[in-house]
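First up is the structure itself, then whatever we jot down about it.
The values are calculated or read from the model by the stated rules, or taken from the named source; none is laboratory data. Small disclaimer: the values here were computed from a predicted structure and weren't measured. Note that we place each Cβ from the backbone using ideal geometry, even for glycine, and neighbour counts take in every protein chain shown. Each accessible area value is taken on the protein alone, full model and side chains, heavy atoms only, with ligands, DNA and RNA left out. Shrake-Rupley method; radii C 1.70, N 1.55, O 1.52, S 1.80 Å.
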Amino acid sequence: STREVRVRVLPAGPLPMLPHDSRLLAQAVRNLVDNALQHETPGGEVVVACGRDRGTDGEFITLAVRDRGPGFTPEDLARAGEPFFTRRRGGTGLGLASVRRIVEGHGGSLRIANREGGGCEAVINLPLPTARSSA
């Protein structure tokens, strides 16, 4: 049977270009969306939201993938992103681990959390380069 799940992308408007490997980052986003699609309930919706934010370490681009699936148990949430850890039948446990490796290799971070009301949210934060004057 076919599971109908909608993917909705919420663009943030124009975002600056990042000096990163777009092929690897596309793979990371694809892994997050694939995970969300596998856990979303039939007839549900996966949301991909992009944005720009400022933190104590400067500005960064955020990309969040949200689903309304079952989410993680507290024990599994603590291990999410570990290589070879999976509860999915037929899964390798390398999807989130690969995302974490790619994102951290670009100086960014990956946060995985359960959502209020159910489901999961995976957020990639990638730092924007800072403009430094050479004096």
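A few comments on the model shown:
- Apart from one condition, residue 61 fits all of (1) under 18 Å from the mean Cα position of the chain (by Cα); (2) over 14 Å from residue 128 (Cβ atoms); (3) not acidic (Asp, Glu); the exception is (2).
- Qualifying residue in the range 32-48 (condition: open to solvent by 60 Å² or more (accessible area, probe 1.4 Å), within 23 Å of residue 119 (Cα to Cα) and touching a residue at least 60 places away in the same chain (Cβ under 8 Å)): yes
- Any hit, the range 27-47, residues being closer than 25 Å to residue 130 by Cβ, assigned to a strand (DSSP E or B) and aliphatic (A, V, I, L, M): no
- Test: residue 95 is within 15 Å of residue 27 (Cα to Cα), at pLDDT below 85, of a type in the set (Gly, Ala, Ser) and open to solvent by 20 Å² or more (accessible area, probe 1.4 Å): yes
- Filter result (assigned to a loop (DSSP other than H, G, I, E, B), in contact (Cβ under 8 Å) with a residue 24 or more places away in the chain and either touching a helix residue (DSSP H, G or I) at 6+ places or on another chain (Cβ under 8 Å) or exposed (fewer than 14 other Cβ atoms within 10 Å of the Cβ) (or both)) within the range 49-70: 57, 67, 69, 70
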